Amino acid sequence: MENEITIKQGLGNIRFLMPVEEVVEIMGTANEVENIDNAADVPTTVLHYDDQGVTMFFEGENPVLACIDITNDECTLFGKEVFDMNERDIVELMVSHNYVEQDVDEEDWGERRVSFPEGNVDFYFDEGDLVSIIIGA
């Protein structure tokens, strides 16, 4: 798996709007597959790739990739090893690439979320350490 996060496009050669079958061709068999029916009546298929540190969410009747949850600390963003950065450095990196609007919140489960809505990206911190990045199309 390639490890470069590309805002609003995907992770490495995995691209948003790819069907499940194409992602499985690239990633291989997932450790776990979940099928979720939510209140919005949008069927969701979730593929967990624990060894690669990614979880992929596919939505729709003909499921396409809509969101990726990344915990792989070898991933890069704009060529930088983002999991080695602190919150301030990540904010500076995003702003330097013209993602200025931010939303910060303390989640009920204790993590701090820093979101950049125009990039459709959320960074989650636990006790100051980046633990997860969620990117969407």
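The values are calculated or read from the model by the stated rules, or taken from the named source; none is laboratory data. Predicted model, so just to flag it, every value in this text is computed and none were measured. Neighbour counts run over all protein chains shown; Cβ positions are idealised from the backbone, glycine included. Calculation scope for accessible area: heavy atoms of the full protein, side chains included, ligands and nucleic acids excluded. Shrake-Rupley method; radii C 1.70, N 1.55, O 1.52, S 1.80 Å.
Could you tell me whether any residue of the range 10-24 is surrounded by 16 or more Cβ atoms within 10 Å (Cβ to Cβ), more than 23 Å from Ile90 (Cα to Cα) and touching a Ser or Thr at 6+ places or on another chain (Cβ under 7 Å)? Yes, the conditions are met somewhere in the range 10-24.
A quick yes/no check of all residues on (1) β-branched (Val, Ile, Thr); (2) on the phi > 0 side of the Ramachandran plot; (3) at pLDDT 95 or above:
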position: Met18; (1), (2), (3): no, no, yes
position: Ile36; (1), (2), (3): yes, no, no
position: Thr55; (1), (2), (3): yes, no, yes
position: Asn62; (1), (2), (3): no, no, no
position: Cys75; (1), (2), (3): no, no, yes
position: His97; (1), (2), (3): no, no, yes
position: Pro117; (1), (2), (3): no, no, yes
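Within the range 50-71, the set of residues being in contact (Cβ under 8 Å) with a residue 24 or more places away in the chain, of a type outside the set (A, V, I, L, M) and closer than 21 Å to Ile7 by Cα comprises Gln52, Phe58, Pro63, Cys67, Asp69, Thr71. The set of residues from the range 82-110 being in contact (Cβ under 8 Å) with a residue 12 or more places away in the chain, farther than 17 Å from Ile135 by Cα and not polar (S, T, N, Q) comprises Met85, Glu107, Gly110. Of the strands (runs of 3 or more DSSP E) contained entirely in the range 41-133, those carrying at least 1 residues that are open to solvent by 50 Å² or more (accessible area, probe 1.4 Å) fall at 54-59, 103-106, 112-116, 121-126.
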